[in-house]
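Below: one structure, written as structure tokens.
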Amino acid sequence: MTIIINMKESLNLRKIRIAARFIKEGKLVAFPTETVYGLGGDALNENSVKKIFLTKGRPADNPLIVHIASFEQLYELASTIPKEAKILAKRFWPGPLTFVLPKRDEVPSITTGGLDTVAVRMPANEIALSLIKLSKKPIAAPSANISGKPSPTSAEHVVDDFYGKIECIIDGGETEIGVESTVLDLTSKPPTLLRPGGLPLEEIERVIGKIKIHPAVKGRIVDVARAPGMKYRHYAPSAQVIVIEGKKDRVHEKIVELIDKYHREGLKVGVMATGGFYDADAFIDLGRNSEEVARNLFKALRELDKKGVDIILAEGIEEKGLGLAVMNRLKKAAGYRTILLR
Ligand code: AMP
Ligand code: MG
């Protein structure tokens, strides 16, 4: 049995209290954040966290992000809080920025995938913040999708993956940002970007200066010591995704050529691009700028999958602003099958 709580119109604390009780009881609640929907459980309760991993089919060494509703809660989770954390939190929390910090002993090792660090953020969503406050627990929440599938940006996506498998889904409508949070490791000097996300790298650097970029951010990496989660296949629909990047007119030509090639092979082709016209079996317009593309990306992958296409041809975008996060997700979805045209 899964209770679906409709909260698209306005915040309803009485209803959130029902969901908060589930969290306190060690059960799972899917809830909206400004990035994507999360599959939440009590971060300090080993049994809840175990359920999160089992329900998602998530590998045990892929750590979870813990969500908090006040800066003070960070002291319950992290043993050292460097000044960068204070400066960045002041500027960007609540918001799509996650810190990796040394963990306190109270945080179960299952929550951190066996690491001695913990990932923490404060989401900019009233439903999420109220759920954390009313449950009086830090909430561990990975994206609310079956492991390896595109992340959910609406309650419908969560229903598709988890209806009947979790206690409760709070429907807060479509998420604003559409890609997950930016993950920043504050245990290194300078800090290291582990995952590009909803807060652009450029904005972080404007506040604390140059940061390192983990090599896995832009390319394929198999053995990752700091963030084991980065090595797994991710965001992937059933169809084979191919990313085509480079000069816009050449990308357009290449997509037209590939549609024709795959049609001759008898395959069903889907295209996702920033405008244009394509004679494919399905076409999704991703929008006009990186914010729009980020918002539409995961939904587009899920929709093309539902249409039963064999191949998805995806137009790449510039790796600036949210474009870095978009391209990181797209390349992973494609298993790094990319065509670069200069
Ligand atoms: P998800 O919850 O599915 O958005 O994934 C969370 C991601 O955050 C993981 O895949 C890791 O890349 C990263 N992460 C979480 N905890 C840590 C940690 N302690 N150290 C490094 N990266 C982390
Ligand atoms: Mg995820």
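The values are calculated or read from the model by the stated rules, or taken from the named source; none is laboratory data. The structure presented is a predicted model; accordingly, all values stated were derived computationally and were not measured. Here Cβ is always computed from backbone atoms with ideal geometry, including for glycine, and neighbour counts include all displayed protein chains. When the accessible area is computed, the model is the full protein with side chains, heavy atoms only, and any ligands, DNA or RNA have been set aside. Shrake-Rupley method; radii C 1.70, N 1.55, O 1.52, S 1.80 Å.
With the checklist (1) part of a loop (DSSP other than H, G, I, E, B); (2) within 18 Å of Ile132 (Cα to Cα); (3) out of contact with any helix residue (DSSP H, G or I) (no Cβ under 8 Å at 6 or more places or on another chain); (4) not basic (Lys, Arg) in hand, flag the one item Thr98 doesn't pass.
The number of the failed condition is (1).
If you take the residues in the stretch 116-151 that are in a loop (DSSP other than H, G, I, E, B) and without any contact (Cβ under 8 Å) to a residue 60 or more places away in the chain, which one is surrounded by the fewest Cβ atoms within 10 Å (Cβ to Cβ)?
The qualifying residue surrounded by the fewest Cβ atoms within 10 Å (Cβ to Cβ) is Asp116.
With a cut-off of at least 1 residues that are open to solvent by 10 Å² or more (accessible area, probe 1.4 Å) and either among the acidic types (Asp, Glu) or more than 23 Å from Thr55 (Cβ to Cβ) (or both), name the strands (runs of 3 or more DSSP E) lying wholly within the stretch 156-197. Give the steps one after another, and end with the answer.
Working: elements: 168-171, 182-185, 192-195.
Per the criteria, 168-171, 192-195.
Specify the residue that is modelled with the lowest pLDDT; the eligible residues are those in the stretch 300-326 that are acidic (Asp, Glu) and over 19 Å from Lys261 (Cβ atoms).
In the first step, residues of the stretch 300-326 are kept if they are acidic (Asp, Glu); the result is 303, 305, 310, 315, 318-319.
With the extra rule that they be over 19 Å from Lys261 (Cβ atoms), the set shrinks to 303, 305, 318-319.
On the way: Glu303: 96, Asp305: 92, Glu318: 96, Glu319: 95.
Among those that are acidic (Asp, Glu) and over 19 Å from Lys261 (Cβ atoms), it is Asp305.
Test of understanding: among Lys212, Lys261, which residue is open to solvent by 50 Å² or more (accessible area, probe 1.4 Å), more than 16 Å from ligand 1 (Cβ to nearest atom), among the charged types (D, E, K, R) and at pLDDT 85 or above? Give the steps one after another, and end with the answer.
Details: Lys212 fails: more than 16 Å from ligand 1 (Cβ to nearest atom).
Of the residues listed, the single one that is open to solvent by 50 Å² or more (accessible area, probe 1.4 Å), more than 16 Å from ligand 1 (Cβ to nearest atom), among the charged types (D, E, K, R) and at pLDDT 85 or above is Lys261.
List pairs: first in the stretch 94-105 and touching a residue at least 12 places away in the same chain (Cβ under 8 Å), second open to solvent by 40 Å² or more (accessible area, probe 1.4 Å) and of a type in the set (Val, Ile, Thr), Cβ under 9 Å, 6+ apart or cross-chain?
Taking only residues 6 or more apart or on different chains, the pairs are Val100/Thr187; Leu101/Thr80; Leu101/Thr187; Pro102/Thr80; Pro102/Thr187.
Can you name the condition, by its number, that Leu77 falls short on among (1) farther than 22 Å from Pro191 by Cβ; (2) of a type in the set (A, V, I, L, M); (3) in contact with a Lys or Arg (Cβ under 9 Å, 6 or more places away or on another chain)?
Unmet for Leu77, out of (1) farther than 22 Å from Pro191 by Cβ; (2) of a type in the set (A, V, I, L, M); (3) in contact with a Lys or Arg (Cβ under 9 Å, 6 or more places away or on another chain): (1).
Name every residue in the stretch 263-301 that is touching a Lys or Arg at 6+ places or on another chain (Cβ under 8 Å) and either in a helix (DSSP H, G or I) or within 22 Å of Asp161 (Cβ to Cβ) (or both), in order of residue number.
Gly270, Ala282, Ser290, Leu297, Phe298
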